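This report concerns only the one structure given below.
The values are calculated or read from the model by the stated rules, or taken from the named source; none is laboratory data. What you see is a predicted model, and the numbers here were worked out from it, not measured in a lab. So basically every Cβ, Gly included, is an ideal-geometry build from the backbone, and we count neighbours across all protein chains shown. Accessible surface areas use protein heavy atoms only, side chains included; no ligands, DNA or RNA. Shrake-Rupley method; radii C 1.70, N 1.55, O 1.52, S 1.80 Å.
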2 protein chains.
Amino acid sequence: MSSPYGLHRVVEPAGVLPQQAWRLSTETRSWPDEVLVDVELLNLDAASYRQLREQHGDPDSVRRAVVEIITERGKMHNPVTGSGGMLLGTVREVGPDSPLGLKPGDRVATLVSLTLTPLRIDDDLADWTGDSEQIPCRGTAVLFGRSIAAVLPDDLPDALALSVLDVCGAPALTDRVVRDAGTEPAVLVLGGGGKSGSLSLAAARRAGAGRLVALVPTQAEADAVQESGLADEVVLADARDPVAVAQAVGAQVDVTIVCVDVPGCEHGAVLATADGGTIVFFSMATSFSAAALGAEGLAADVKMLIGNGYVPGHATFALDLLRATPGVRELFERRERHTSTA
Amino acid sequence: MSSPYGLHRVVEPAGVLPQQAWRLSTETRSWPDEVLVDVELLNLDAASYRQLREQHGDPDSVRRAVVEIITERGKMHNPVTGSGGMLLGTVREVGPDSPLGLKPGDRVATLVSLTLTPLRIDDDLADWTGDSEQIPCRGTAVLFGRSIAAVLPDDLPDALALSVLDVCGAPALTDRVVRDAGTEPAVLVLGGGGKSGSLSLAAARRAGAGRLVALVPTQAEADAVQESGLADEVVLADARDPVAVAQAVGAQVDVTIVCVDVPGCEHGAVLATADGGTIVFFSMATSFSAAALGAEGLAADVKMLIGNGYVPGHATFALDLLRATPGVRELFERRERHTSTA
């Protein structure tokens with residue numbers, strides 16, 4: 001029997017989850033709840049691509065290293081960094097029991113990591129020069145019952161849609177948390193000018209936030225967020241400096257959303273949040289122990305959530321938010337122009 | 001003006017929180033919202049004591065190193081491990097604006113770290129032989145408006161009370177989460193035989209849990225938890241093996257409490273929890289990114305909480321739970337006899 005988590009595709013070692021497995025089966029005869037995808041493009045995780053470049057040097061050696069990993073492991077799972085990436089493709093075949101709601105011909109992006117996605121390549125990545133993390137590719141990928149894939153919209157450029165899908169968990173969870181926080185709660189977004197930050201501001205507004213504050217690190221970003229109209233107040237501070245954050249924000253807020261991808265923002269978030277309030281950490285740079293011990297050391301009665309990247313309907317929600325909120329799209333496009341990261 | 005977070009006691013560098021500071025003021029003339037404590041005993045954090053032993057070797061050198069740290073920094077904050085510990089003492093003086101509810105003569109244990117507690121020693125730790133993490137000490141400590149201290153109960157041995165106070169955030173937060181989870185929610189405690197685990201089982205029962213499952217790693221511990229009567233079901237599995245955890249637990253639960261202090265328990269917790277459910281991570285070995293990416297990779301719509309060690313009233317709540325639940329006390333005392341850790 002097949003497992004919605006893909007346990008049936010694990011070859012070695014037996015009995016672990018696909019992400020923990022060394023090798024997955026890329027058998028292209030599919031199980032009833034699976035979906036097969038004709039792959040067009042692999043997008044390697046930035047950390048993985050950087051490591052491969054450092055280890056292998058010239059682009060062709062990097063290309064051969066990636067081919068070797070995929071062939072050996074049945075997935076693009078960098079054994080050094082432990083990270084993967086995502087892929088773009090077109091649905092070829094949908095099993096009769098698949099719950100994903102996809103149909104043949106749909107253009108999709110996978111929102112689960114390549115580290116758990118069975119992948120077979122048929123072209124030795126011959127069209128890739130090895131000098132970018134975007135890999136043109138012909139091959140087959142497998143989605144499980146619990147995999148997540150988003151149909152790419154017709155009305156948005158692929159690059160913009162992928163940027164949004166990359167962080168789509170943040171606005172969906174922000175929506176839930178703000179709705180649960182009572183009437184017109186005050187909301188603070190640390191890193192309000194970034195991708196997840198600007199979407200979270202828009203989500204908080206739509207969910208009924210009262211006072212809405214964006215904290216950003218530079219005057220240029222403050223100006224951009226101010227122009228976007230996404231926040232009521234834009235304040236300038238280093239999110240890693242708890243006392244500066246608290247002073248910049250002023251009255252404590254009911255909900256704080258942390259979207260700043262640098263370590264050390266936990267204590268500022270705690271100081272800025274009122275007792276009984278909620279903090280959602282979306283940054284992967286968050287330290288579990290700094291958050292737990294920080295709140296305890298400050299005797300702060302705050303609820304702290306680990307930002308789960310999966311909320312049902314998150315992809316549609318985020319794309320709709322982008323379409324409906326010109327300020328969000330402006331910030332995304334400004335970011336593309338400056339080729340900075342979020 | 002004094003700050004409830006103790007900013008007014010920070011000497012160097014200026015403008016940071018006491019925990020981040022290199023040096024605190026131990027001036028014994030107190031501010032209106034402070035409490036002064038006559039110190040009896042310092043209890044060093046285990047990691048800090050181990051490091052000091054490794055660096056300094058013989059007990060007398062360790063003693064001198066601790067005296068030097070406290071004298072230089074104005075707090076017992078190990079510069080290598082970054083950790084502190086807690087202290088026991090008797091309240092000497094209570095400022096007129098202190099919100100802590102203490103009175104002179106109260107015997108107290110501090111529940112905030114020594115890394116943020118101003119401390120002056122008057123005896124060069126002369127009564128300490130340097131060969132244990134418990135340090136007899138004469139000196140003065142300062143509590144701020146937001147510090148946390150618990151009055152030691154008359155009816156329990158100090159060692160037992162301190163053991164309970166050390167983990168008292170877990171049962172208090174478990175109580176809240178289980179009450180918020182609807183009618184008779186199914187609850188799983190990973191590490192149900194440990195200190196925080198057994199208190200969390202008792203708290204979950206009192207808060208109205210339905211099916212209550214304890215997961216433990218050994219048969220001996222399973223027998224002990226079974227005898228204690230704290231759980232409806234006791235199951236045996238390695239909490240680091242997600243598939244084994246899911247199989248042992250069977251039907252998914254509504255609330256999972258993670259009290260196992262080893263890395264790698266995030267995915268098992270996710271697999272064992274039903275969509276819409278809640279996971280509370282109390283273990284300091286929790287990896288933020290493993291939890292966030294694990295839930296996303298498994299398309300699990302679960303709420304994940306960072307176990308905040310502070311909940312108002314947590315000390316009284318935990319001590320009452322111990323008094324009212326013979327099974328909890330048995331497990332604590334068994335643990336003392338086996339001198340194992342939780």
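Quick notes
- With a Förster radius of 35 Å applied to the beta-carbon distance between A:His338 and B:Ala14, the computed FRET efficiency rounds to 0.50.
- Scanning residues 5 or more positions from B:Ala209 or on other chains, none has an amide H under 5 Å from its amide H, with H placed 1.01 Å from N in the peptide plane.
- Entry note: the protein assembly as shown has Rg to Rh equal to 0.99, where both radii use alpha-carbon atoms and Rh is the Kirkwood radius.
- Among the residues of A:266-277, the average count of other protein chain beta-carbon atoms within 10 Å of the residue beta-carbon is 1.
- Taking a straight line from the alpha carbon of B:Lys103, these lysines sit under 26 Å away, with near neighbours fewer than eight places off in the same chain left out: B:Lys75.
- Nearest-10 value in Å² for the accessible area of B:Leu298, using the 1.4 Å probe: 20
- For chain A, built as a Gaussian network whose Cα springs stay under 10 Å, the top-fluctuating residue of A:Thr117, A:Thr286, A:Thr218: A:Thr218
- Between segment A:225-249 and segment B:261-310, the Cα center-to-center distance that results, in Å: 30
- Axis-nearest residue of A (beta carbon) for the A-onto-B rotation, whole Å: A:Phe288, 2
- Teacher prompt: A:Leu160 distances to equivalent labels in other copies, 7 Å Cα→Cβ, nm: 6.8
- For peptide A:113-120, the mean count of partner chain Cβ atoms within 10 Å of a residue's Cβ comes to 1.
- Surface calculation, 1.4 Å probe, protein heavy atoms: A:Thr81 sits at approximately 50 Å² accessible.
- Percent of beta bridges antiparallel (DSSP, the protein assembly as shown, rounded to nearest 5): 60
- Whether segment B:163-251 is rounded, prolate or oblate, judged on the alpha carbon gyration tensor where a/c under 1.5 counts as rounded: oblate
- Volume per residue for chain B equals 144 cubic angstrom (convex hull of Cα atoms).
- Residues of type lysines that A:Lys303 reaches as a straight line, Cα spacing below 28 Å, ignoring anything fewer than 8 places off in the same chain: A:Lys195, B:Lys195, B:Lys303
- Nearest-0.05 FRET efficiency for A:Leu156 and A:Gln219, computed from C-beta distance (R0 35 Å): 0.70
- What separates the A:Glu133 label point from its copies, with the point 7 Å along Cα to Cβ, is 4.0 nm, written shortest first.
- Among the chymotrypsin sites (Phe, Trp or Tyr not before Pro) in segment B:225-319, none sits in a DSSP loop with a Cβ that has at most 16 other Cβ atoms within 10 Å.
- Sorted shortest first, the distances from the B:Gly210 label point to those of the same residue in the other copies are 3.7 nm; each point sits 7 Å from Cα along Cα-to-Cβ.
- A:His56 contributes an accessible area of around 60 Å² to the protein surface, as traced by a 1.4 Å probe with all chains present.
- Applying both filters, DSSP loop and at most 15 other Cβ atoms within 10 Å, to the GluC sites (Glu not before Pro) of segment B:25-113 gives B:Glu27.
- For B:Gly139, distant residues with modelled amide H under 5 Å away: B:Val39, B:Asp122
- MRE, 222 nm, helices only [DSSP H, n ≥ 4, -39500 (n - 2.57), over chain A, to nearest 500]: -10000 deg cm²/dmol
- Segment B:29-53 residues near the modelled B:Arg92 label - backbone nitrogen below 16 Å, point 7 Å along Cα→Cβ: B:29-32, B:34-42
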